[in-house]
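> Once you've had a glance at the structure underneath, I'll fire off some questions.
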């Protein structure tokens, strides 16, 4: 219900966008994570509830200037109850959602011109109730937390306002049952992981057994904490994204021909490894397990003082894996001079390679339009030209 209210009521949308932990319960708009002080000036947390009067199935208006409160009596910095709240005992029959909200009192603070809308109302009550706690403890009610209805339906730990504001929730539903594996978390794989963490797939799995070193920091997204250097890549990325979403499983493992169990349940995979023999074993495993996947690669070299080369993305649909493999689009052997290979990788090109791969994956699911399906794409750096291969080419 809350997504509908947000889409049809500008004032409720403003509350959510501002960062309030808003949910809907038993015809009440509930705003949680409201800090206040008790009589000992200790920090406490409560919730504001205000009744919604429905104009139609989705549009709402206020009943009056009052709000209900789950919590004790809010006090000021002087240790006295905050005046002008008209505090009276009160209860509201909210459902037993988690965390449980038990309304204990009702406040009545009416401005001269009444409240313009729910945004105006909540902002004023928060200023009165939370002002002393915010000043004393430097806390905020703007937590962006998701509770109740939203938490049950979302993999994200913060409310996904990007999807709601763009009105593409129906398209995002294509990812609901997706379990995506990212094999290799190096330059390109790290960016694929970053993009997929922010995609509402049911689960994201990442695999890499290498360590995280200084050169990795120059071709991976996010901030660098020097304490990360020398740790396993998987551990670094797991810590970096753990607070963003649920369904995240990043392990310090190499995926090889024997990794059947790790890929059980996977619906799609990204292969982001740079060794041909490792790629060959992974491709054979994915084909044997009937998993659709995309393999990525970059070939860069210095010529006449500048860097040239291309980025490649190759799609292996579940029912055509062996056929695409036979085309030899993805290198499956190690060149004899690999030990002398410069292995040039640069952040913006890794990110571009990852972007092309993720876009192709989302086209595969129908999120993006796919007028001319393709199974291989080469992006040439020199002339910024894309060479595509599809069934109609």
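> Condition (residue is in a loop (DSSP other than H, G, I, E, B) and in contact with a helix residue (DSSP H, G or I) (Cβ under 9 Å, 6 or more places away or on another chain)) applied to segment 350-363: is it met by at least one residue?
No; the residues of segment 350-363 include none that is in a loop (DSSP other than H, G, I, E, B) and in contact with a helix residue (DSSP H, G or I) (Cβ under 9 Å, 6 or more places away or on another chain).
> How many of the residues making up segment 347-386 are closer than 19 Å to residue 188 by Cβ, exposed (fewer than 14 other Cβ atoms within 10 Å of the Cβ), free of Cβ contacts under 8 Å to residues at least 60 places away in the same chain and touching a strand residue (DSSP E or B) at 6+ places or on another chain (Cβ under 8 Å)?
Residues in segment 347-386 being closer than 19 Å to residue 188 by Cβ, exposed (fewer than 14 other Cβ atoms within 10 Å of the Cβ), free of Cβ contacts under 8 Å to residues at least 60 places away in the same chain and touching a strand residue (DSSP E or B) at 6+ places or on another chain (Cβ under 8 Å): 1 in total.
> If you take the residues in segment 57-76 that are in a strand (DSSP E or B) and over 19 Å from residue 111 (Cα atoms), which one is modelled with the highest pLDDT?
Within segment 57-76, the match that is modelled with the highest pLDDT is 75.
Residue-by-condition table, conditions (1) surrounded by 19 or more Cβ atoms within 10 Å (Cβ to Cβ); (2) under 28 Å from the mean Cα position of the chain (by Cα):
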| site | (1), (2) |
| --- | --- |
| 244 | no, yes |
| 249 | no, yes |
| 257 | no, no |
| 263 | yes, yes |
| 270 | yes, yes |
| 278 | yes, no |
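> Among what's in segment 292-311 and is surrounded by fewer than 21 Cβ atoms within 10 Å (Cβ to Cβ) and in contact (Cβ under 8 Å) with a residue 60 or more places away in the chain, pick the residue that is nearest to the chain's Cα centre (by Cα).
That would be 292.
> Residue check: is residue 244 modelled with pLDDT under 95 and in contact with a helix residue (DSSP H, G or I) (Cβ under 8 Å, 6 or more places away or on another chain)?
Yes.
> Can we say residue 222 is exposed (fewer than 15 other Cβ atoms within 10 Å of the Cβ), within 24 Å of the chain's Cα centre (by Cα) and under 30 Å from residue 147 (Cβ atoms)?
So residue 222 passes the test.
> Sticking with this structure for a sec: Quick one: is residue 79 in contact with a strand residue (DSSP E or B) (Cβ under 9 Å, 6 or more places away or on another chain) and surrounded by 13 or more Cβ atoms within 10 Å (Cβ to Cβ)?
So residue 79 does not fit the description; no.
> Sort out for me the helices (runs of 4 or more DSSP H) sitting completely within segment 91-210 that have 1 or more residues that are at pLDDT 90 or above, surrounded by fewer than 17 Cβ atoms within 10 Å (Cβ to Cβ) and more than 16 Å from the chain's Cα centre (by Cα).
Filter on segment 91-210 gives 118-137.
The values are calculated or read from the model by the stated rules, or taken from the named source; none is laboratory data. Everything quoted here is computed from the prediction, not taken from an experiment. Cβ coordinates were reconstructed from backbone atoms using ideal geometry, including for glycine residues, and neighbour counts include every protein chain displayed.
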